[in-house]
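The values are calculated or read from the model by the stated rules, or taken from the named source; none is laboratory data. None of the values given here were measured: they were computed from a predicted structure. So basically every Cβ, Gly included, is an ideal-geometry build from the backbone, and we count neighbours across all protein chains shown. Note: areas computed on protein heavy atoms with side chains; ligands, DNA, RNA excluded. Shrake-Rupley method; radii C 1.70, N 1.55, O 1.52, S 1.80 Å.
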Amino acid sequence: MKVGVLALQGAFREHAEALAALGADVALVKRPEELDSVDAIVLPGGESTTIDKLLDSSELRAPLTRRLRDGLPAFATCAGLILCATEVIDGRTDQSPLGVLDLTVRRNGYGRQRESFEASLAVRGLADGDFPGIFIRAPVVERVGPDVEVLAEFDGVPVLGRAHDLWFASFHPELSGDLRLHQLFVNEVC
Ligand code: GLN
């Protein structure tokens, strides 16, 4: 079981380190042939407009979309979540999300004054206390489709959830030093 991390831009190293610390077989994915061999993938946070452009220049857009549509288990965090959404509000006009996760996000929705903050999150299915949610220019989930199971909320807004094997977080679990969400994802999809 090989877990890929989309490594075009953003916090991919931190995700890879978290997965490796859990004993997963990790592969950085920068090219289409590297995608072929993975059984799950993490789509990291970073800058969604940049990752969007790099998906085209790396020729990963079509194969990644196809594999996600075919049910490749994935954990999409922050910019990765924006990338997967069916609808992005306040995105850039040249940004075209993959549309594999039925929800609406507002890019940078938590606003400038709260560009970065930490919140304690009660996560369904996670024992041993709250999870430290690190939000960095995070998207706000404004609507979720009927297949989305919400696993955590902040101020009544979904911040963690899954639609079958496609998991999402609007925060950065890989920056918290807390491996429980990566562990949950790896346990569930492996
Ligand atoms: N605001 C960023 C974007 O639009 C996402 C921020 C993040 O991934 N931390 O891509």
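Of everything in segment 137-146, what is within 18 Å of the chain's Cα centre (by Cα), over 9 Å from residue 170 (Cα atoms) and not small (Gly, Ala, Ser)? Give them in sequence order. Walk me through how you get there before you give the answer.
Filtering segment 137-146 down to residues within 18 Å of the chain's Cα centre (by Cα) leaves 137-145.
If we keep only those that are over 9 Å from residue 170 (Cα atoms) as well, we get 137, 142-145.
Hits for segment 137-146 are 137, 142, 143, 144.
Can you tell me which residues in segment 82-117 are basic (Lys, Arg) and within 17 Å of the chain's Cα centre (by Cα)?
Within segment 82-117, 106, 107 meet the criteria.
Assess whether residue 33 counts as being part of a helix (DSSP H, G or I) and either under 24 Å from residue 116 (Cα atoms) or within 13 Å of the ligand (Cβ to nearest atom) (or both).
Against the criterion (part of a helix (DSSP H, G or I) and either under 24 Å from residue 116 (Cα atoms) or within 13 Å of the ligand (Cβ to nearest atom) (or both)), residue 33 does not qualify.
Among the residues of segment 76-96 satisfying the criterion of being surrounded by 19 or more Cβ atoms within 10 Å (Cβ to Cβ) and of a type outside the set (A, V, I, L, M), which is farthest from residue 15 (Cα to Cα)? Write out each step before concluding.
Within segment 76-96, the subset surrounded by 19 or more Cβ atoms within 10 Å (Cβ to Cβ) is 76-85, 88, 91.
Now drop any that are not of a type outside the set (A, V, I, L, M), which leaves 77-78, 80, 84, 91.
On the way: 77: 10, 78: 13, 80: 12, 84: 18, 91: 25 Å.
My answer is 91.
Return the only residue of 81, 98 being within 25 Å of residue 134 (Cβ to Cβ), within 16 Å of the ligand (Cβ to nearest atom) and not in a loop (DSSP other than H, G, I, E, B).
Of the residues listed, the single one that is within 25 Å of residue 134 (Cβ to Cβ), within 16 Å of the ligand (Cβ to nearest atom) and not in a loop (DSSP other than H, G, I, E, B) is 81.
I need the full set of residues from segment 115-138 which are in contact with a helix residue (DSSP H, G or I) (Cβ under 9 Å, 6 or more places away or on another chain), of a type in the set (A, V, I, L, M, F, W, C) and away from the ligand (no atom under 12 Å from the Cβ), in order please.
123, 126, 127, 131
I'd like the full set of residues that are outside any loop (DSSP other than H, G, I, E, B) and closer than 20 Å to residue 163 by Cβ, limited to segment 132-147. Explain how you work it out, then say what you get.
Kept after step one, since they are outside any loop (DSSP other than H, G, I, E, B), are these residues of segment 132-147: 132-136, 140-144.
Result: 133, 140, 141, 142, 143, 144.
Take segment 36-54 and flag every residue that is surrounded by fewer than 20 Cβ atoms within 10 Å (Cβ to Cβ) and more than 13 Å from the ligand (Cβ to nearest atom).
Scanning segment 36-54 gives 36, 37, 39.
Just a yes or no: is a residue in segment 166-177 in contact with a Phe, Trp or Tyr (Cβ under 6 Å, 6 or more places away or on another chain) and within 20 Å of residue 18 (Cα to Cα)?
Yes; the residues of segment 166-177 include at least one that is in contact with a Phe, Trp or Tyr (Cβ under 6 Å, 6 or more places away or on another chain) and within 20 Å of residue 18 (Cα to Cα).
Mind checking whether some residue in segment 59-78 is near the ligand (Cβ under 9 Å from one of its atoms) and in contact with a helix residue (DSSP H, G or I) (Cβ under 7 Å, 6 or more places away or on another chain)? Before the answer, list the steps.
If we filter segment 59-78 for residues that are near the ligand (Cβ under 9 Å from one of its atoms), which is where we start, we get 77-78.
Adding the requirement that they be in contact with a helix residue (DSSP H, G or I) (Cβ under 7 Å, 6 or more places away or on another chain) leaves 77.
Looking for residues that are near the ligand (Cβ under 9 Å from one of its atoms) and in contact with a helix residue (DSSP H, G or I) (Cβ under 7 Å, 6 or more places away or on another chain), one finds at least one in segment 59-78, hence yes.
Does any residue in segment 94-118 that is more than 23 Å from residue 53 (Cα to Cα) come within less than 9 Å, Cβ to Cβ, of a residue that is open to solvent by 40 Å² or more (accessible area, probe 1.4 Å) and in a loop (DSSP other than H, G, I, E, B) six or more places away or on a different chain, and which pairs are these?
Note: pairs meeting the criteria are 110/137; 112/137; 115/108; 115/137; 116/137.
From the set of residues in segment 148-172 that are part of a strand (DSSP E or B), within 16 Å of the ligand (Cβ to nearest atom) and within 14 Å of the chain's Cα centre (by Cα), which is surrounded by the fewest Cβ atoms within 10 Å (Cβ to Cβ)?
159
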